[in-house]
Amino acid sequence: MKKASYVLIGIIIGALATYFFCPRLPENYNDKIVKPKGLITPAEAKELNYNWTKTRKKAVDSAAGKVDDRSSSWSLSDIENYLAYAKNQSDSLGYDMTGIRVYLGVYPGNAPNGKADYTTMFIVPTGKKSVSEASIMDIMLPPPTSDLPVNPLNDGSGSGDGYPQ
């Protein structure tokens, strides 16, 4: 009987150790990957790029006085970190972040790191006032999605090359 109690205590200790020390699956482990709206094929992207080159590149490069940037890229971690940051800031300011918007810009003539007068792109979170922060009129007639007062993400790597790179 004494040996059986040691076995039972061992099983209980083992079960507790397994419960507390084994990794758990994340909450969203079973989430399905959803195909987003608006996907295009690489061939369609090449056509869009070709059309831009044919109709805009000459004018843009002429206005810039040099071969201008036509794309920006950010690392995946920068994008993920920015989305988490923007969502957190939006929530703390009383907004529901529902998307992002990409804007074109041009660096000023005194910009550092050789960026002067080059085209850039920056990302801005979009959304609307949280329902708990909104007025009765906002609830009855929801305002359109607009840019949120959160710092935009810029400083991507620019390139004058077209698609694909």
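The values are calculated or read from the model by the stated rules, or taken from the named source; none is laboratory data. Worth saying up front: this structure is predicted, and the values here are computed from it rather than measured. Every residue, glycine as well, gets a Cβ built from its backbone with ideal geometry; the counts of neighbours run over all protein chains shown.
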- Note on the structure: The helices (runs of 4 or more DSSP H) lying wholly within the stretch 26-137 that contain at least 3 residues that are touching a residue at least 24 places away in the same chain (Cβ under 8 Å) and either surrounded by 10 or more Cβ atoms within 10 Å (Cβ to Cβ) or of a type outside the set (G, A, S) (or both) are 42-52, 76-92
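State yes or no: is N49 among the polar types (S, T, N, Q) and either more than 21 Å from S157 (Cα to Cα) or out of contact with any Pro (no Cβ under 9 Å at 6 or more places or on another chain) (or both)?
Numbers: among the polar types (S, T, N, Q): yes; either more than 21 Å from S157 (Cα to Cα) or out of contact with any Pro (no Cβ under 9 Å at 6 or more places or on another chain) (or both): no.
It is false that N49 is among the polar types (S, T, N, Q) and either more than 21 Å from S157 (Cα to Cα) or out of contact with any Pro (no Cβ under 9 Å at 6 or more places or on another chain) (or both).
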- Message: Given the criteria modelled with pLDDT of 85 or more and in contact with a strand residue (DSSP E or B) (Cβ under 9 Å, 6 or more places away or on another chain), does G109 qualify?
- Response: no
